[in-house]
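First comes the structure, then the notes that go with it.
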Amino acid sequence: MTVTSTNNLNLEHLLSELRRITLLVSERVAALRVVNSTEEEDEFRGLYVSEEEVNNLLADPQLFQATDITPHTPGGEIVVEYNERSRLRQLQTAFGLSAFELNVILIALAPELDLRFEKLYAYLQDDVTRRRPTVDLTLQLLCPGLAAQVAARRSFDPEAALLRYRLVELSDESGNKQVPLLARTIKLDEGLIAFLLGEMRLDHRLRQVAEFETRSPNPLLSTEVATYLTRLIELAPESFLCTLVGSDEVIKRDLVLTLCRQFNLPLLVLNLRSLVLQTRQESLARLLERECLMRGAVLYLAGYEVVAGEEANIQETVRAVSQLLKTETVLTFISSNEMLAPQIAGHSRLEFQLKLKQPSYSERKHIWETHLGAAAVGFDLEGLSSRFRLNSGQVVAAAATARNRAAWRGETVPTLDDLETASRVHSSHRLSSLAHKIEPVYRWSDLVLATDPFNMLREICEQVKHRSLVYGTWGFDRKLSLGKGLNVVFAGPSGTGKTMSAEIMAGELKMDLYKIDLSNMVSKFIGETEKNLERIFNEAGDSNAILFFDEADSLFGKRSEVKDAHDRYANIETGYLLQKMEEYDGIVILATNLRKNLDEAFVRRMHFMIEYPFPDEDDRFLIWSKVFPKDLPVGSTVDMRFMARQFKLSGGNIKNIGLAAAFLAAGDGAAAVEMEHLIMATRREYQKLGKLCTQSDFGPYFSLINEIEPKTRRAD
């Protein structure tokens, strides 16, 4: 059945009930006239509402006309058979309303739909200014005697359903705060009127903090999540509070959406970050509770971390949320990144927590395939899922970003580069405040390294690319609880290519590379070093980045015999680092000049140990041949074989000499870099290293050192 026909059925039933209220009013008018007939005629009764006008109103066949009209029965009981789609039926069931309370709502609703009822109420109350029903008039219409009226007053208690859930409001039009209950005017809340008339939208007062989730959930991605869902479905007939723990908001919300679709329930999402910014939060919480109850909606509290603190400015939010969590007739879910203490301890409501993991490699691949559609064919999505540990929402966003990049070029299908770039864009970038990001510029062809360590670097990249296959498809994920990250040590003298290798790996894998500044990590204050490192590893887990610890032996050094408190705390730091290394699921590279300085426990946890030897003559010659860009003019006097043979320098020193020689040539106005520029640049590098310039090293070019020595200038 369409929504329109459903609304028509609801309106038909509502009008039939209002017609019955019209009959009650008609009977009350007749009874009042019998009493008045025995009294002296008051020509001003009702002021300007004449009896003829009242008669015409009550006789109007179009007043709340409906096809289903049921005669009034004694006592005002409702005898109409409810339609399942009737909002009145939903309202009565949700709040446990009695027939009397439902009639109160109908009496107050009548003038909201037909202003002529204001005249009828003014006539019955003998006051043209009283156009809304008072408690007294309502009791007279619905209760046959004084005893029944006294008993019915309980329905207007502040904790009774009518007032507790703000279904009606009691006010005094005269402004007198001491007015008796009987003289108070009854008015329906605007949100309730909209609901009764079939409005599908959320109460306008709640739209700043909440919304109905209307999208369709993605398919569940693992048997583990399906198991959670089955457990929830088994508990769904009863009210419960469930905390969903995990950082993947999409997975959590899809789980609840699937549950809601299973039971045909709407899902109402409350954004607690928005609620904190509002005034009168407890009033909004009461409205939200009413909205959930009368619509049968499941409540989802997003951003629960906001109320987990103790700041003074959130205490009203804490009280409002606590009020919501104790609503027993609403299925409630809390979205939290961390496990929470019991929220309603001692309460009769069922409460439990579900810890949801990040999507596995195969699940990430499935999400990519789902959101890329036909465009996924031909892409290495297995490698993409292995390199970028994105959650469901990040994958969905990255797929959209990749399509947008392609559309910017006028293409319909994104490239693998689009997908990789989008994956980096939607990774967390908070690591930038804790480490220095390095943009890779080197390629495999720039690296001069022995065959075995070179092949080991290639193997590292292949391991990263095929983690999805080995851990996911082949099941090693189930064999390992810790140590699923990739930990590598680059050991060798300074300038032998350790940082260059890390750059090359980052470029090959299309991943971000962050170099950790250890000076900001190590603190003399007890416990601060651990806190700093915990921040690094936590942020890196969401950044999909390679962590590069240079000079790592200063931080990952050997544990020593405890002789004083400093040794004990240093060993505690080392033990803590061992734990974080095992827990981390990403790529960590430790660079050290001296392998022997590393703690053996660290070495045991490494997947690769790559030695970077000091380059021999042949390696130095290869480095010299690669140090100059293709666009740099090199003169015929340059003898790279001589440079490689005579100067026993590392690749880093050679790079410095090559760059300095280029600047010297540019400063001389030379057309190309010549040998004299290399000799001068080498001399400067020797000075920096504290080495003597000897005849044996510089050979036939030794005389150039004195010739290019800057002349001493006298001061003017």
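The values are calculated or read from the model by the stated rules, or taken from the named source; none is laboratory data. As the structure is a prediction and not an experimental result, all values here were calculated from the model. Every residue, glycine as well, gets a Cβ built from its backbone with ideal geometry; the counts of neighbours run over all protein chains shown. All accessible areas refer to the heavy atoms of the entire protein, side chains included, with ligands and DNA or RNA removed. Shrake-Rupley method; radii C 1.70, N 1.55, O 1.52, S 1.80 Å.
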statement: Quick count over the stretch 507-531, residues being in contact with an Asp or Glu (Cβ under 7 Å, 6 or more places away or on another chain), modelled with pLDDT of 70 or more and not in a loop (DSSP other than H, G, I, E, B), is 4
query: Within the stretch 115-158, how many residues turn out to be within 50 Å of the chain's Cα centre (by Cα) and of a type in the set (Val, Ile, Thr)?
result: 3
message: Checking ARG290 against (1) surrounded by fewer than 17 Cβ atoms within 10 Å (Cβ to Cβ); (2) part of a helix (DSSP H, G or I); (3) more than 17 Å from the chain's Cα centre (by Cα), only one condition comes out false. Which one?
response: (1)
statement: How many residues of the stretch 270-287 are aliphatic (A, V, I, L, M) and open to solvent by 10 Å² or more (accessible area, probe 1.4 Å)? The answer is 3
- prompt: Which pairs have Cβ atoms under 6 Å, sit 6 or more apart or on different chains, and link a residue in the stretch 588-614 that is over 21 Å from ALA540 (Cβ atoms) and modelled with pLDDT of 70 or more to one that is open to solvent by 10 Å² or more (accessible area, probe 1.4 Å) and small (Gly, Ala, Ser)?
  reply: ASN593/SER494; TYR612/GLY497
- prompt: Which pairs do you get when a residue that is within 12 Å of VAL395 (Cβ to Cβ), found in the stretch 414-426, comes within reach of a residue that is part of a helix (DSSP H, G or I) and open to solvent by 50 Å² or more (accessible area, probe 1.4 Å), reach meaning Cβ atoms under 8 angstrom, with the pair 6+ apart or on two chains?
  reply: ALA422/ARG405
Residues of the stretch 104-121 satisfying the condition of being touching a Phe, Trp or Tyr at 6+ places or on another chain (Cβ under 8 Å) and either buried (at least 20 other Cβ atoms within 10 Å of the Cβ) or assigned to a helix (DSSP H, G or I) (or both): ALA110, PRO111, LEU113
- request: Could you list all residues from the stretch 303-332 that are touching a Lys or Arg at 6+ places or on another chain (Cβ under 8 Å) and at pLDDT 85 or above?
  value: GLY303
Entirely in the stretch 122-238, the helices (runs of 4 or more DSSP H) that have 1 or more residues that are modelled with pLDDT of 90 or more: 135-142, 146-152, 161-164, 190-196
- prompt: Here are some conditions: (1) in a helix (DSSP H, G or I); (2) open to solvent by 10 Å² or more (accessible area, probe 1.4 Å); (3) in contact with an Asp or Glu (Cβ under 6 Å, 6 or more places away or on another chain). LYS655 meets all but one. Which one does it not meet?
  reply: (3)
- prompt: What do you reckon, is TYR442 closer than 28 Å to HIS366 by Cβ and aromatic (Phe, Trp, Tyr)?
  reply: no
From ASP189, ASP172, residue being open to solvent by less than 10 Å² (accessible area, probe 1.4 Å), without any contact (Cβ under 8 Å) to a residue 24 or more places away in the chain and either within 23 Å of GLY96 (Cα to Cα) or not hydroxyl-bearing (Ser, Thr, Tyr) (or both): ASP189
- prompt: If you go through the stretch 453-511, how many residues are open to solvent by less than 30 Å² (accessible area, probe 1.4 Å) and of a type in the set (A, V, I, L, M)?
  reply: 13
message: For the stretch 361-393, which positions are open to solvent by 40 Å² or more (accessible area, probe 1.4 Å) and among the polar types (S, T, N, Q)?
response: SER362, THR370
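Condition (residue is of a type in the set (Phe, Trp, Tyr), in a helix (DSSP H, G or I) and over 22 Å from VAL245 (Cα atoms)) applied to the stretch 351-367: is it met by at least one residue?
no
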- prompt: When you look at THR415, is it surrounded by fewer than 19 Cβ atoms within 10 Å (Cβ to Cβ), touching a helix residue (DSSP H, G or I) at 6+ places or on another chain (Cβ under 8 Å), modelled with pLDDT of 85 or more and farther than 24 Å from ASP585 by Cα, yes or no?
  reply: yes
statement: Condition set free of Cβ contacts under 8 Å to residues at least 60 places away in the same chain and either of a type in the set (S, T, N, Q) or crowded, with 20+ Cβ neighbours inside 10 Å (or both), scope the stretch 138-161, selection farthest from LEU113 (Cα to Cα): answer is GLN149
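For (1) modelled with pLDDT of 90 or more; (2) more than 23 Å from VAL441 (Cβ to Cβ), each residue gets a yes or a no:
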position: TRP624; (1), (2): yes, no
position: LYS655; (1), (2): yes, no
position: ALA662; (1), (2): yes, no
position: ALA670; (1), (2): no, yes
position: VAL673; (1), (2): yes, no
position: HIS677; (1), (2): yes, yes
position: MET680; (1), (2): yes, yes
position: LEU692; (1), (2): no, yes
message: Give all pairs with beta carbons closer than 6 Å in which a residue from the stretch 21-32 that is open to solvent by 40 Å² or more (accessible area, probe 1.4 Å) meets a residue that is modelled with pLDDT under 85; count only pairs at least 6 apart in sequence or on separate chains.
response: LEU23/HIS72; SER26/LEU58
field: Selection from the stretch 609-646 of residues that are surrounded by 20 or more Cβ atoms within 10 Å (Cβ to Cβ) and not aliphatic (A, V, I, L, M)
entry: TYR612, PRO615, ARG620, TRP624
statement: In the stretch 341-355, residues that are open to solvent by less than 70 Å² (accessible area, probe 1.4 Å) and either modelled with pLDDT of 80 or more or among the aromatic types (Phe, Trp, Tyr) (or both) total 4
field: Options ALA435, ALA450, ALA422: the member that is on the phi < 0 side of the Ramachandran plot, touching a strand residue (DSSP E or B) at 6+ places or on another chain (Cβ under 6 Å) and open to solvent by less than 80 Å² (accessible area, probe 1.4 Å)
entry: ALA435
